[in-house]
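One structure is given here, and the rest of the page talks about it.
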Amino acid sequence: MRTIILIIYCLVLTSFSTNKSACPTNLDENEIQYLEKDINKYNGKVVAFDAVVSEIKVGNVNKPFYKVMLGKEHLWVGGHGQMGDVKVRSSYRILGLICLWTDDKLNEKYNDKNYFIISLAHIDMETKMASVFPQAKSAFDTWTKGEIPNIPKK
């Protein structure tokens, strides 16, 4: 089943490589400074950005927890896939949700910030292969059509 999903997303990503507006970004290293000044205001907001993975740790329930670099700035991303889905020194376009920390043990162990990004989807910029959290398929579809999705608050 996972193979079929990946094949479908590879077809969708054909538009990513030919359509400049597909899978847009709304966060870069300069905007991180503004985000961090009032992080509570951005909690729950969807962001998309290009980054290079610099470290991979084991997060909760054996999911990857990785540090990514946006220029000289860094963020921590809670992955939705399996360990090995992302590789150190590889470039990704990531769609995620800004979340404040609730797990102090994990925060103390790795993260030096009071927030992290929950990955909804990521695209390997070399292979153009996508990995999508199954419950985020609708958000991913919106993103591939050129819009940053909104996630309604419950």
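With the convex hull built on the Cα atoms of segment 32-154, state its orientation-averaged projected area in nm². Show your work: numbers first, answer last.
On the way: hull surface 30.6 nm².
Result: 7.6 nm².
With a point put 7 Å past each Cα toward its Cβ, work out how far VAL52 is from ASP112 in nm, to one decimal.
According to this spin-label approximation, the distance is 1.8 nm.
Once the Cβ-Cβ distance between LYS128 and THR102 is put in as r, and R0 is 30 Å, what FRET efficiency do you end up with, to the nearest 0.05?
E(calc), rounded to 0.05, equals 0.35.
Once label points are set 7 Å from the Cα along Cα→Cβ at both ASP28 and ASN60, what is their separation, rounded to one decimal in nm?
3.3
Checking the table LYS41/LYS113; LYS37/LYS113; LYS41/LYS145 against a 20 Å threshold on Cα-Cα, which pairs fail?
From LYS41/LYS113; LYS37/LYS113; LYS41/LYS145, over 20 Å: LYS41/LYS145.
Tell me, what is the FRET efficiency for LYS87 and LYS41 to the nearest 0.05, using R0 = 35 angstrom and their Cβ-Cβ distance as r?
Efficiency computed from Cβ-Cβ geometry: 0.60.
Spin-label point model (7 Å from Cα, Cβ direction): what's the LYS137 to ILE151 distance in nm?
In this crude spin-label approximation the distance works out to 1.8 nm.
Here, each number is a calculation from the coordinates, and none is a lab measurement. Bear in mind the structure is a predicted one, so any value in this text is a computation, not a measurement. In this analysis, Cβ positions are derived from the backbone assuming ideal geometry, glycine residues included, and neighbour counts consider all displayed protein chains.
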